[in-house]
Every structure is written in structure tokens, then in C-alpha cells.
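Beneath this line is the structure, given in C-alpha cells, with notes to follow.
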């Protein structure tokens with residue numbers, strides 16, 4: 001797989017996630033009254049599955065796991081960047097502080113607490129994205145095997 005193919009595959013995953021997430025979120029929130037993780041998980045899995053099917057020929061050109069891991073590295077970098085921007089917002093930090101009141105915390109205590117919550121949140125979300133993307137890409141590439149000849 002060429003680097004340009006990896007860029008297009010990652011961009012396709014991200015675009016498809018955003019296209020699936022709103023309609024699925026609407027459906028899951030109506031059905032389960034608060035299924036905010038279900039819509040994200042299904043949209044990631046479905047997006048990776050579609051990209052795995054579309055890019056199956058390129059993925060099978062080299063070792064399948066190696067090609068998938070190359071895609072996942074760029075997915076992880078992109079999601080870390082986006083998530084870090086999200087958790088760095090003042091509204092998110094204020095929400096964390098309101099949910100965990102500690103009247104005796106100093107400014108440095110809050111700094112370390114906010115940082116640890118932010119890093120933990122980014123870590124768990126990236127692991128979630130990587131696992132579901134790997135499953136989707138692997139299954140998608142298996143559904144469309146290359147033609148022999």
C-alpha cells in the first residue's frame with residue numbers, strides 16, 4: 001500500500017464516521033434513551049468495514065495485518081489530535097471540575113487532575129477507535145478477496 005492510499009483510506013474512514021454518526025445517534029437515542037456510545041461504535045465499525053471492502057485489493061498487496069496497522073497508525077494520530085482539542089476546551093475542564101468537587105485542591109492539584117482525566121479520556125477513546133477500526137478493516141478485507149490470476 002502506498003502512503004497516498006493510506007491517506008485516502010483514513011480520510012474515507014473519518015468522513016464515513018461523520019456521515020453515519022448523526023443518523024445512527026438519532027436512531028439509538030430514540031430506541032435506548034441515551035445510547036451515545038452505541039452510535040459511535042457502530043459508525044466506526046461500519047466505516048472501517050466499508051473502507052476494508054473498498055481497499056481490499058490494496059490491503060492484500062502486502063501482508064494484510066501490516067497494511068491494516070499502517071492505516072490504524074494514521075487513524076490513531078488523527079483521532080488523538082481531534083480528541084486532544086476536544087478535551088482541552090474550557091467547557092470540558094469546567095464539567096470535570098463540577099463533577100469532582102475538591103474544595104481543598106490547589107491550582108497545581110487541579111492541573112494534575114485535569115491532565116490525568118484528559119489523558120485517560122484520550123487513551124480510552126483511541127483504544128476504542130483502534131479496536132473497532134481493526135475489526136472492521138480486517139473483516140472488510142476478508143469479504144472481498146483478491147482475484148487469482
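For this structure, a couple of remarks:
- Nearest 10 degrees, 0 to 90: helix 64-87 Cα axis against the chain principal axis: 30 degrees
- Residue exposure sequence - 39, 114 - by fewest surrounding Cβ within 10 Å: 114, 39
- Cβ crowding within 10 Å, taken as a proxy for footprinting-reagent exposure, orders 98, 62 from fewest neighbours to most as 98, 62.
- Legend: Rg and Dmax of the chain, from Cα coordinates, 18.6, 71 Å.
- With Cα atoms, 0 to 90° folded angle of helix 3-32 axis to the chain main axis: 60 degrees
- For region 24-105, the gyration tensor built on C-alpha atoms gives an oblate shape. Its axis ratio a/c (a ≥ b ≥ c) is at least 1.5, and a/b is not larger than b/c.
- Between helix 107-143 and the chain: long-axis angle, C-alpha atoms, 0 to 90°, nearest 10: 20 degrees
- The length gained by stretching the chain between residue 74 and residue 3 to full extension, at 0.36 nm per residue less their Cα-Cα distance, is 24.5 nm.
- Mean residue ellipticity, 222 nm, helices only, the chain: the sum of -39500 (n - 2.57) across DSSP H runs of n ≥ 4, divided by residue count and rounded to 500, is -29500 deg cm²/dmol.
- Translational diffusion of region 85-149, µm² s⁻¹ [Kirkwood Rh, Cα pairs; Stokes-Einstein; 4 °C; 1.567 mPa s]: 87 µm²/s
- Counting neighbouring Cβ atoms within 10 Å and putting the fewest first, the residues 138, 22 line up as 22, 138.
No lab work stands behind these numbers, since they all come straight from the coordinates. What you see is a predicted model, and the numbers here were worked out from it, not measured in a lab. Note: ideal-geometry Cβ built from the backbone for every residue, glycine included; neighbour counts use all protein chains shown.
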